[in-house]
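Reviewing the structure listed below.
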Amino acid sequence: MSGCHLKGDLTIYEPFVEKNETNGILEISKIVLTDTATVFYCDAYHCTSSGCWFSIAEESVLQGSHQTYKIIGSDGIELGKRMQVSESGHLAFVLYFEPVDKSEKTVDFKEGDNAGHWRITGIKLSKVPKAKPAGTINCTLKGEIIDRPNSSRLMLLKYGEDMRIVQWISIPVRNGKFEYVLHCDHEELYQLIFWDEYMGSGWRPVTFISEQGTISFTLYPIDQYKMNIIEGGKLNKELRGYYAEFNNYRELLFASYRARREQLEKEGIYLTPEAQALWDRHMTTDGAEMRAAFDQYYQLTQEGLHLAPAGKALQESIDSANQVMLHWQLQYAMEHPSTVGYSILIEIFKGVGSVPPNDILPFADAYQTIFAPKYPDHPYTTKMIDLLTGSSLKPGIPFVDFTAVDFTGKPVKLSERIAGKPAVLHLWASWCGPCRRKGMELIPVYEEFRDKGFIVIGVARERGSSAAAEAAVKLDKYPWENFVELDDAEQIWVKYGIGNAGGSDFLIDENGIIVAVAPSIDEIRDFLKNK
């Protein structure tokens, strides 16, 4: 229907949708309802490498309450054809469907009925004013983008959250400007991430505190991030002051280490030959080969086998300097007991997992004596409880119980499934290659001991829906029960001390005591043989 111009009977800008299951790729910016067609103005956001593509199926429909409306044309894309987006990672196009009946209040966009097919459900077909959003704080974000022609949208989420896991908010950039009103109940640290930086696998978050009023942003390219200007709000002024002091102190502390690492890398003695080869392959390939190389390199880092002797010596010095930096940040947070200070405490506590257990005590003490009494109902207080739980998780203590949902949405408690039996809790994600390989390696052990009472419980960490996890279970042929943690709802990964990871395994005995954290397959088999 190229070149078709329709007179709209009703135009709906930024239509409300209940759920968008398109992996953050497809968004609807406008709907025009006419007597001859239902017109969807769409934006696709995707990566630009040769291995990335998207398409809109020719069988796509709008599903109404009693009727299905077929797709009848498109502008800007060819239906059923694999498409790549422009350099910006953004493509605008139009879809034409049969005219919907005037009685329809909402419709669902559906490519098909199979798992993995794109769906956008609960698309509202009216300009009825939305109900007042929940939240006592209205934080207006207004920004101008400088010299970034390829930046077409921003991702908004709480600082420290993983965009692979949680449902983030998409903010379009139009004509170099953006505006969004963030409604929330608490002052918390948030981040804006440029979509094009994220798709390029390297990004620098723009951070701010969600406080009442307007926050203005002037944002430059990533290599000019020091020119960024963020203005508005008492707390955000305090946050900028903290970053200025932090960056100055860090530069003094780490400048010599950075120069030393560059020298070791130049001489080729920072990484082991195996790790260097994997890193070089990761940097010079794309698609499946790039991901495989990175997975193998990541596995070496997890096992501490990626550094050469000179690299290890340097890393030990850097680790000591990191502890000095952490305690400087702790002191700063204690001297500034605002929500800014609380956000600093939360973030630095995540970095103490590798230090001796006694070094956790000053951070826990600051939480218990300063921040928890002042902010008993703040989300950070609950977050600290979960972080403390995860930091104390080790062999010899009871497992942490939780509730997850099965693939039909039914809630199930872990304790109900493993009571009185030796078990492995297999935390994984559909997007985590090492986790899935560990799961497949676990299958023979499960098959060997399942008739003797051995239990494996899988929980997948997913965003939005369980569709990707369901497909992975079928592909990898996991024979045990699998559940899902959607959008980190129960904070299971944090409670198990692996908040930044895709997954891990926990061996639990029949009395509910943790026997091993991240055990090897041989360790699991030996434990079961001895049982």
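FYI, it's all coordinate maths here, none of it is from the lab. This is a predicted model, so every value here is computed, not measured. Methodologically, a virtual Cβ is constructed for each residue, glycine included, from the backbone with ideal geometry; neighbour enumeration extends over all protein chains shown.
Which aspartates and glutamates have a Cα less than 18 Å from the Cα of Lys529, not counting those fewer than 8 places away in the same chain? Partners within reach: Glu441, Glu447, Glu448, Asp451, Asp509, Glu510.
Could you pull out which residues in the stretch 90-116 have an amide N less than 20 Å from a spot 7 Å beyond the Cα of Thr34, following the Cα-Cβ vector? Once the point is set 7 Å along Cα→Cβ of Thr34, 92-104 turn out to lie under 20 Å by backbone N, inside the stretch 90-116. Which FRET efficiency, nearest 0.05, do Leu252 and Ala471 yield, Cβ-Cβ r, R0 51 Å? Efficiency, rounded to the nearest 0.05: 0.55. This ranking places Arg164, Arg461, Arg204 by how few other beta-carbon atoms lie within 10 Å of each, fewest first, which gives Arg204, Arg164, Arg461. Among the listed pairs Lys312/Lys421; Lys383/Lys410; Lys30/Lys158, those with a Cα-Cα distance over 31 Å are Lys312/Lys421. Note on the chain: helix-only mean residue ellipticity at 222 nm, from DSSP H runs of 4+ residues weighted -39500 (n - 2.57) and normalised by residue number, equals -10000 deg cm²/dmol. Fully extending the segment from His327 to Ile521 would add 66.1 nm, taking 0.36 nm per residue of separation and subtracting the current Cα-Cα distance. Entry for the stretch 10-124 at q = 0.16, 0.19, 0.23 Å⁻¹: log10 I(q)/I(0) = -0.71, -1.01, -1.49, Debye formula applied to identical alpha-carbon scatterers, no solvent contribution. As an exercise, use a Förster radius of 60 Å and the Cβ-Cβ distance of Asp365 and Ser103 to find the FRET efficiency, rounded to the nearest 0.05. So, using R0 = 60 Å, E works out to roughly 0.45. Modelled this way, with points 7 Å down the Cα-to-C-beta line, the labels at Lys124 and Glu161 are 2.0 nm from one another.
The distance separating the Cα centre of the stretch 23-92 from that of the stretch 239-307 comes to 39 Å. A P(r) calculated from all alpha carbon pairs of the chain, with 10 Å bins opening at zero, reads 3, 15, 24, 27, 20, 9, 2, 0 percent. Peptides 75-81, 424-430 ranked from most to least packed by the mean count of surrounding Cβ atoms within 10 Å: 424-430, 75-81.
Arranged from fewest to most other beta-carbon atoms within 10 Å of their beta carbon, Thr140, Thr381 become Thr140, Thr381. To the nearest Å, what is the center-to-center distance of the stretch 478-505 and the stretch 192-213, using C-alpha atoms only? Centre-to-centre (Cα) distance: 25 Å.
Among the listed pairs Lys70/Lys102; Lys102/Lys127; Lys413/Lys452; Lys394/Lys495; Lys81/Lys474, a Cα-Cα separation exceeding 18 Å is found for Lys413/Lys452; Lys81/Lys474.
Length gained on full extension, Ser320 to Asn150: 57.2 nm, using 0.36 nm per residue less the C-alpha separation.
Nearest 0.05, what FRET efficiency do Glu335 and Asp377 give at R0 = 30 Å with Cβ-Cβ as r? That pair, Glu335 with Asp377, gives E of 0.80.
Within the same chain, aspartates and glutamates fewer than 8 places from Lys124 are excluded, and of the rest, those with a Cα less than 20 Å from its Cα are Asp9, Glu14, Glu18, Glu21, Glu27, Asp35, Asp43, Glu98, Asp101, Glu104, Asp108, Glu111. Note on Asp9 and Asp451: their simple-model spin labels are 6.7 nm apart, each label 7 Å out from Cα toward Cβ.
Using a 10 Å cut-off around each Cβ, can you sort Tyr69, Tyr190, Tyr13 from fewest to most neighbouring Cβ atoms?
In order of increasing Cβ crowding within 10 Å: Tyr13, Tyr69, Tyr190.
Relative contact order of the chain, taken over Cα pairs closer than 8 Å and 6 or more residues apart, is 10 percent.
A full extension of the chain between His117 and Lys237 corresponds to an added length of 38.7 nm, given 0.36 nm per residue minus the alpha carbon distance.
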